[in-house]
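What follows is a set of notes on a single structure, which appears directly below.
Derivation of every value follows stated rules applied to the coordinates shown; laboratory data play no part. None of these values were measured; they are calculated from a predicted model. Glycine also receives a Cβ, built like all others from the backbone with ideal geometry; neighbour counts cover every protein chain displayed.
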Amino acid sequence: MLQQSLDNIPVMIIYFDENGKIKLLTKNLLCLRMDFLREWETENIFAKCYPEPEVLKEVLDFMISEEVGWKDFKTHTKNGTIIDTVWMNIKLPNGISMGIGQDITIRKRAEEKLIENDNFLQKLNADKDRFISILSHDLKVRSIRFLGFQKYWQKTFENSNTDEIEDIARNINKSARNTLYLLEDLLAWAMTQQGKIHFQPQKLSLADICKNILWNS
C-alpha cells in the first residue's frame with residue numbers, strides 16, 4: 001500500500017540508510033536507470049545516474065549531509081539523455097533518509113532561454129548606445145567645422161578673392177551634406193528599430209569607403 005501510494009505522487013522519492021543502501025523507491029525513478037522496479041536491489045544506480053566520479057561523490061556527500069534545502073544535479077537516464085533534477089534530503093528516524101526529486105529540465109531550458117534573450121537585449125542596447133555616441137561625436141565635429149567655415153568667411157569675405165570664396169563655399173556645402181547624411185542614417189536607424197523598414201545587408205567596396213572617408217576628412 002505504501003509503495004502504491006508513493007508511486008502516484010508526481011515526484012521521485014527514494015529511501016536509503018546511512019550507508020546509502022536503497023530501501024524503497026518510486027516508479028517515477030524508472031526514467032533514470034532502472035528497467036524494472038527491483039533493479040535497484042542488484043545495481044548501483046547512483047553510479048549509473050552519476051558516472052562522473054566527482055559528481056557521484058557530490059551526490060553521496062549530499063545524501064549523508066545535514067544540509068537543508070534543494071540541490072541541482074545533472075542526472076543520466078537509461079536512454080542516454082541527461083536531465084536536470086533537483087533534490088532534497090530529509091532525515092528520518094533510525095538512520096533512514098528520504099530523497100525527494102523533481103525533473104526540472106523544462107524549467108532549466110526556459111531559464112537558459114531567458115538568460116540568452118537577456119544577454120542579446122543587453123548587447124543590442126550596448127550597440128545602440130555605441131551607435132548614438134559615435135553619431136553624436138560625428139555630428140558635433142561636422143557642426144564645429146561648419147560654424148568654423150562660416151565665421152572665417154564672415155571675417156575674410158571682403159578681402160577674399162573668387163577662388164577663396166568658392167573654396168570656402170565648397171567646404172561649407174560638404175559639411176552640411178555630411179551632416180545631412182548622418183541625420184538620414186539616424187532616421188533610418190530609428191525606423192528600423194520601429195519595424196518600419198527592414199535591415200538588408202549589402203556588399204560594399206572597402207576601397208570606395210576608404211576613398212569617401214579620405215575625401216570627407
### Message
As an exercise, identify the GluC sites (Glu not before Pro) in region 52-147 lying in DSSP coil whose Cβ has no more than 13 other Cβ atoms within 10 Å.
### Response
Glu66, Glu67
### Query
If r is the Cβ-Cβ distance from Ser143 to Glu164 and R0 is 25 Å, what FRET efficiency results, to the nearest 0.05?
0.65
#### Entry: Pairwise centroid distance, computed over Cα atoms, of region 198-217 with region 76-150, Å
34
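By how many nm would the segment from Lys211 to Leu121 lengthen if fully extended, with 0.36 nm per residue of separation less the alpha-carbon distance? Kindly include the intermediate steps, with their values, before the conclusion.
On the way: separation 90, 0.36 × 90 = 32.40 nm, distance 3.48 nm.
In short, 28.9 nm is gained.
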